[in-house]
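Single-structure report; data block below.
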Amino acid sequence: MISPCPRYSPRGINCPKLPPGEQLDYSLSSPLANNQELCKHNKPWPTPAATWTAGQQVSVKFAPGGAPHGGGHCQFSFSYDGGKKYVVVHEIMGHCFGADNNQRDISFTLPAGLPSAKQADFMVTWVNAIGNREFYCWSTNVAINGGSTPFTGKEVTIANWRTYPVIAEFQGNFNTGVEHYKNAKTITVG
């Protein structure tokens with residue numbers, strides 16, 4: 001992910017200033033290791049990486065090229081409690097980067113009832129279709145305007161990391177592991 005700028009990215013677009021004592025992370029395109037925290041960095045940017053409005057269309061950009069690993073499942077979610085609970089606002093099952101694996105600009109409409117916040121945690125997660133069973137995660141902070149509170153939706157699905165379920169390599173079946181997403185519990189945030 002390059003926009004909105006993920007935490008501590010050296011390649012992001014319009015990145016805020018690093019928090020005191022932190023360094024740029026050149027490994028953000030790597031999957032999450034078991035000894036890392038969810039999304040690698042929990043200390044937020046000092047200022048939001050973007051300002052979005054509830055009910056409006058937003059765009060998440062990924063760097064061109066890279067290894068799309070045959071697509072996979074991805075979710076876009078928000079936390080209002082410092083990363084303890086994430087509620088999903090958009091998901092793409094099977095073909096995260098499009099049927100041709102070349103889509104690097106994903107647009108979707110934020111729910112109109114998404115709570116307003118000066119610094120909400122925004123997280124993008126991805127389970128790859130082909131290759132080692134990996135979990136990719138990027139997070140940043142965005143300001144949300146115009147929303148209400150609270151907001152109810154599905155909790156983010158985490159897989160292929162630590163003790164969470166393992167979603168098998170897809171082997172051409174792009175419904176592989178979808179049950180983990182469909183059976184996610186409902187949570188309320190904000």
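The values are calculated or read from the model by the stated rules, or taken from the named source; none is laboratory data. Just so you know, these numbers come straight off a predicted model, no measurement behind them. Glycine also receives a Cβ, built like all others from the backbone with ideal geometry; neighbour counts cover every protein chain displayed. Note: areas computed on protein heavy atoms with side chains; ligands, DNA, RNA excluded. Shrake-Rupley method; radii C 1.70, N 1.55, O 1.52, S 1.80 Å.
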(request) Quote to one decimal, in nm, the extra length available between Ser107 and Thr149 on full extension: 0.36 nm per residue of separation minus the C-alpha distance between them. (result) 12.8 nm
(request) With a 1.4 Å probe and all protein chains in place, put Arg104, Arg11, Arg133, Arg162 in order of accessible area, largest first. (result) Arg11, Arg162, Arg133, Arg104
(request) May I have the pair-distance distribution P(r) for segment 67-132, computed from all Cα-Cα distances with 5 Å bins from 0 and rounded to whole percent? (result) 4, 16, 25, 21, 14, 12, 7, 1
(request) Add +1 for every Lys or Arg and -1 for every Asp or Glu among the other residues with Cβ under 9 Å from the Cβ of Trp45, and state the total. (result) +3
(request) Would you mind checking which residues have amide H under 5 Å from Thr53's amide H? H placed 1.01 Å from N; only 5 or more apart, or other chain. (result) Asn145
(request) Please provide three numbers in whole Å: the alpha-carbon extents of the chain along the principal axes, with the largest listed first. (result) 42, 35, 31
(message) Apply the Karplus curve 6.51 cos²θ - 1.76 cosθ + 1.60, θ = phi - 60°, to the phi angles in segment 71-79 and return the couplings in whole Hz, x for Gly and Pro.
(response) x, x, 9, 9, 10, 10, 9, 10, 10
(message) Let me check something: with ligands and nucleic acids excluded, how do Ile144, Ile158, Ile130 order by accessible area (1.4 Å probe), largest to smallest?
(response) Ile130, Ile158, Ile144
(message) With a 1.4 Å probe and all protein chains kept in place, how do His41, His95 rank by accessible area, largest first?
(response) His95, His41
(message) Test of understanding: what is the full-extension gain from Asp81 to Lys61, defined as 0.36 nm times their sequence separation minus their Cα-Cα distance?
(response) 4.7 nm
(message) Could you derive backbone 3J(HN,Hα) for segment 158-175 from the dihedral phi with the Karplus parameters 6.51, -1.76 and 1.60 (θ = phi - 60°), listing whole Hz in sequence and x where the residue is Gly or Pro?
(response) 10, 8, 6, 8, 6, 9, 6, x, 9, 9, 5, 4, 5, 6, x, 9, 7, 9
(request) Kindly provide log₁₀ I(q)/I(0) values, in the same order as q = 0.22, 0.28 Å⁻¹, from the Debye equation applied to equal alpha-carbon scatterers of segment 133-190. (result) -1.01, -1.21
(message) Between Lys118 and Glu22, what's the calculated FRET efficiency when r is the beta-carbon distance and R0 is 22 Å? Round to 0.05.
(response) 0.65
(request) With runs of 4+ DSSP H residues as the only contributors, calculate the mean residue ellipticity of the chain at 222 nm using -39,500 (n - 2.57) per run, divided by the residue total and rounded to the nearest 500. (result) -500 deg cm²/dmol
(request) Please give, to one decimal in nm, the separation of the simple spin-label points placed at Asn183 and Tyr164, each 7 Å out from Cα toward the Cβ. (result) 1.6 nm
(request) Give the carbon-plus-sulfur fraction of the accessible surface of the chain in %, rounded to a whole number; probe 1.4 Å, heavy atoms of protein chains only. (result) 50 percent
(request) Add +1 for every Lys or Arg and -1 for every Asp or Glu among the other residues with Cβ under 10 Å from the Cβ of Trp161, and state the total. (result) +1
(request) Please give the per residue accessible area of segment 47-190, computed with a probe of 1.4 Å over protein heavy atoms only, in Å². (result) 43 Å²
